Amino acid sequence: MGRIKFVITASFWCMFAVSLLIKQSTAMYIYSLVMVIHEVAHYFAAKKLLYTCTKLQISAFGAVLYGEFDDMLPRHRLIVALAGPAINVLMAVLCVAFWWIVPTSYYYTADFCWANVTMAAINMLPAYPLDGGRVLTALLQSRISYAKSIAVVKNAALAIGGVLFAVFIISLFTKDNLFSLGMFAIFLSAGAFAKNEDATYRRMSLADNISLRTSIGMEKKTLVFSEDTPLSKVITKMAGNYWYCLEVVDDSLNVTARYDFCQLNKAILNNSADITLRQLGNVSKGEVAQRLR
């Protein structure tokens, strides 16, 4: 899997030890295998679209693929998010097909099949940070900003988590103790409060794999801002996988400076985000910006 770092947390080993004590190690093995298959599908989808994947972490609460996905296009976000549940559905379909060919295989693959079905179904809930939440985010981006779409799916996570936790509390007064449901509800609600690393443009992200990205083509966008705009607002606007350029205008809407892709990225890397574009023009005069007379 290239240079990706594979990490197994202490919580996973604790869960593994508990599964041995309660004689559920087989279920743990199956759960872990399905979880890894799910995340590997995300990994290959992201790599195919030329995004950098840095770490695959497995814990008691699931597996998470980390990478530099800040500038991911909505359609790419959709593809990567759907890759995990899609491979789980495919695994389940293959199991069912194999049952028709070799009926006795049911006894050996039934748990694996249903684990895949469960993994796909749970992950498609429209709540962040589940895949369904990321899919909903990508779809909403065609109508509202990325920040607002994230807020919508995080609110959905809180609502769904609250309902599931209420069901768990009720189960404590019945014969059914839905402990795993309670843990999942806590995980889902916690995800809604987690820091969103995808919300802003990571300064180095566009420089990574840029030669590879241009080999498949990048759409060019020109941003236009007034001279009093802080550089931070320009950075926030750079939320997609585009070839960004910048034009700065004065109060009369005359263009006072232009930055091509390389100049803009150099300006972002070498200056504070609080600097205004007027100040940036003075700092970088004859160095980064192409000043207009």
Under 20 Å Cα-Cα from K220, which lysines qualify once same-chain neighbours fewer than 8 residues away are excluded?
-> K233, K237, K266
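How high is the FRET efficiency from L20 to T54, r the C-beta distance, R0 45 Å, rounded to 0.05?
Details: r = 31 Å, r/R0 = 0.70.
E(calc), rounded to 0.05, equals 0.90.
Roll a 1.4 Å probe over the protein chains and send me the accessible area per residue for segment 242-282 in Å².
On the way: 1990 Å² over 41 residues.
Each residue of segment 242-282 exposes 49 Å² on average to a 1.4 Å probe.
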Please arrange L253, L20, L136, L280 by accessible surface area, largest first, computed with a 1.4 Å probe and ligands excluded.
-> L253, L20, L136, L280
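Please label the shape of segment 1-124 as rounded, prolate or oblate, based on the square roots a ≥ b ≥ c of the eigenvalues of the alpha-carbon gyration tensor (a/c under 1.5 means rounded; beyond that, a/b larger than b/c means prolate, else oblate).
Details: a/c = 2.56, a/b = 1.30, b/c = 1.97.
Since a/c reaches 1.5 but b/c is at least a/b, the shape of segment 1-124 is classed as oblate.
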Note: segment 65-139, point scatterers on Cα, Debye, no solvent; log10 I/I(0) at q = 0.12, 0.15, 0.24, 0.26 Å⁻¹ equals -0.41, -0.58, -0.99, -1.09
Hey, what do the phi angles of segment 99-106 turn into as Karplus ³J(HN,Hα) couplings, whole Hz, using 6.51/-1.76/1.60 and θ = phi - 60°, x for Gly and Pro?
-> 5, 5, 7, 10, x, 5, 5, 4
Global geometry of segment 1-53, whether rounded, prolate or oblate, following the gyration tensor of its Cα atoms and the 1.5 cut on a/c = prolate
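Full-extension gain between V102 and W13, please, as 0.36 nm times their residue separation minus the C-alpha to C-alpha distance.
Contour length minus Cα-Cα distance gives 28.5 nm.
Return the loop-located chymotrypsin sites (Phe, Trp or Tyr not before Pro) in segment 80-176 (DSSP other than H, G, I, E, B) with at most 13 other Cβ atoms within 10 Å of their own Cβ; answer none if there are none.
Counting only loop positions with at most 13 other Cβ atoms within 10 Å, the chymotrypsin sites (Phe, Trp or Tyr not before Pro) in segment 80-176 are F173.
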Between L125 and residues 5 or more places away or on another chain, the pairs with built amide H atoms under 5 Å apart involve G132
Return the long-range amide H neighbours of L73 (sequence gap of 5 or more, or a different chain), with a cut-off of under 5 Å between placed amide H atoms.
-> N241
Using Cα positions and a limit of under 21 Å, work out the lysines in reach of K154, with same-chain residues fewer than 8 apart set aside.
-> K195
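The values are calculated or read from the model by the stated rules, or taken from the named source; none is laboratory data. It should be emphasised that the depicted structure is a prediction, and the values quoted were computed from it without experimental measurement. Cβ atoms come from the backbone with ideal geometry, glycine included; neighbour counts cover every protein chain shown. Please note that ligands, DNA and RNA were not included when accessible areas were found on the heavy atoms of the full protein model with its side chains. Shrake-Rupley method; radii C 1.70, N 1.55, O 1.52, S 1.80 Å.
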